[in-house]
Ligand SMILES: [Zn+2]
Ligand SMILES: [Zn+2]
């Protein structure tokens with residue numbers, strides 16, 4: 001994709017240059033530099049999509065639910081619940097097909113240990129592998145599931 005080059009007026013271009021050369025420069029400072037009002041600078045910055053405030057970290061939405069975070073801007077989640085939920089992933093049981101959640105870390109560990117089968121619990125596992133019951137693979141997976149459900 002070719003990015004279209006925005007066409008700036010001389011004044012806008014001047015502001016873009018000043019702002020990119022001095023990212024910390026306040027709108028009031030730019031205004032003095034160019035000789036226009038602070039409000040005019042703010043409007044131009046808005047128009048060309050540059051931040052009007054400097055030195056203030058943008059408040060990003062909650063990483064889990066995408067809602068706005070109220071209060072301190074250095075938080076990644078809007079609530080304890082979102083923080084806790086963000087550590088879970090939803091998996092589909094290979095036997096009964098229901099979605100269930102499991103801690104992401106645990107799932108990663110399981111994969112590392114070679115557990116490519118995903119079951120919501122032991123009974124689904126049992127149904128799926130009923131005919132293989134004595135194999136070492138089954139025993140190993142059963143052990144992993146037992147640990148998971150602790
Ligand atoms: Zn949230
Ligand atoms: Zn299941």
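FYI, it's all coordinate maths here, none of it is from the lab. In this text the structure is predicted, and so the values were computed from the model without any measurement. Cβ: placed from backbone, ideal geometry, glycine included. Neighbour counts: every protein chain shown.
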Residue 85-residue 32 FRET efficiency (beta carbon distance; Förster radius 35 Å; 0.05 resolution): 0.10
Förster-model FRET efficiency, 30 Å R0, residue 65 and residue 113, C-beta, rounded to 0.05: 0.45
Two-site label geometry, residue 50 and residue 17: point separation in nm, points 7 Å out along Cα→Cβ: 1.1
Two-site FRET efficiency, residue 75 against residue 139, from Cβ-Cβ distance with R₀ of 30 Å, rounded to 0.05: 0.10
Ranked 85, 10, criterion: other C-beta atoms within 10 Å, fewest first: 10, 85
45, 50 arranged by Cβ crowding within 10 Å, fewest neighbours leading: 50, 45
